[in-house]
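One structure is given below, encoded as structure tokens.
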Amino acid sequence: MATKQISVERFSITSAKPFGDVVKALEASVGHPNMNAFMNDVASAKSFKNLEKVVNAVTGATGLMQFVKFDLGEIVRKERGDSAPRSLRYLIGNPLIMKQMLERCSDAGSYAPVTVLIDERPDGVRLSYDRMASFLAPYGNDEALKVALDLDAKIETLLTKAAA
């Protein structure tokens with residue numbers, strides 16, 4: 001049995017825009033595949049080239065796609081009503097980027113796709129993301145870390161644009 005200490009870096013940016021506008025901007029920048037159809041298409045791909053076509057067809061302009069969205073605030077609103085702050089958790093990524101990390105560090109599968117949190121706070125709408133590079137750094141694979149840093153840049157650009 002082994003354990004590994006992971007120190008996580010969190011990127012956060014606060015927006016003065018309304019919650020709905022921030023959500024709309026983020027969602028407009030990523031693909032939204034029908035996940036059942038997508039998984040069937042992935043399973044049916046006969047080659048890596050075919051798989052690339054499947055993935056590239058469903059990613060947004062950012063090269064990223066939404067795997068799932070959880071409305072965390074809905075749970076809180078059941079008790080506190082509509083005045084409770086809204087909070088959404090997204091799993092976002094790109095299977096081809098995930099593949100690059102997994103080939104170099106199998107533990108990357110624990111962290112991909114990544115979580116993006118958008119929530120209302122007293123000072124505005126907060127967009128947060130735990131950097132992939134901070135998750136992978138303790139594993140000591142420079143090639144995986146380079147892929148993670150590129151992914152971090154994509155996600156941070158996405159969040160910065162959604163907040164602007």
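The values are calculated or read from the model by the stated rules, or taken from the named source; none is laboratory data. The model shown is predicted, which means the values in this text are computed figures rather than measured ones. Heads up, the Cβs are rebuilt from the backbone with ideal geometry, glycines too, and the neighbour counts pull from every protein chain shown. Surface areas here come from the heavy atoms of the whole protein model, side chains and all, with no ligands, DNA or RNA. Shrake-Rupley method; radii C 1.70, N 1.55, O 1.52, S 1.80 Å.
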Complete set of residues in the stretch 111-144 that are open to solvent by 60 Å² or more (accessible area, probe 1.4 Å) and farther than 16 Å from Val8 by Cα: Arg121, Pro122, Asp123, Asp142, Glu143
Selection from the stretch 145-156 of residues that are open to solvent by 60 Å² or more (accessible area, probe 1.4 Å) and more than 16 Å from Tyr90 (Cα to Cα): Lys146, Leu149, Asp150
Can you confirm whether Ala108 is in contact (Cβ under 8 Å) with a residue 12 or more places away in the chain, open to solvent by 80 Å² or more (accessible area, probe 1.4 Å) and either of a type in the set (Gly, Ala, Ser) or under 23 Å from Ala153 (Cβ atoms) (or both)? no
Would you point out the residue of the stretch 122-164, among those that are part of a loop (DSSP other than H, G, I, E, B) and touching a helix residue (DSSP H, G or I) at 6+ places or on another chain (Cβ under 9 Å), that is nearest to Met65 (Cα to Cα)? Arg131
Output the number of residues of the stretch 48-93 satisfying the condition of being touching a strand residue (DSSP E or B) at 6+ places or on another chain (Cβ under 7 Å), assigned to a loop (DSSP other than H, G, I, E, B) and either without any contact (Cβ under 8 Å) to a residue 40 or more places away in the chain or open to solvent by less than 40 Å² (accessible area, probe 1.4 Å) (or both). 4
Condition test on Val55, is it closer than 21 Å to Met35 by Cβ, more than 14 Å from the chain's Cα centre (by Cα) and among the β-branched types (Val, Ile, Thr)? yes
Positions within the stretch 1-47 being under 18 Å from the mean Cα position of the chain (by Cα), among the small types (Gly, Ala, Ser) and open to solvent by 50 Å² or more (accessible area, probe 1.4 Å), in sequence order: Ser12, Ala28
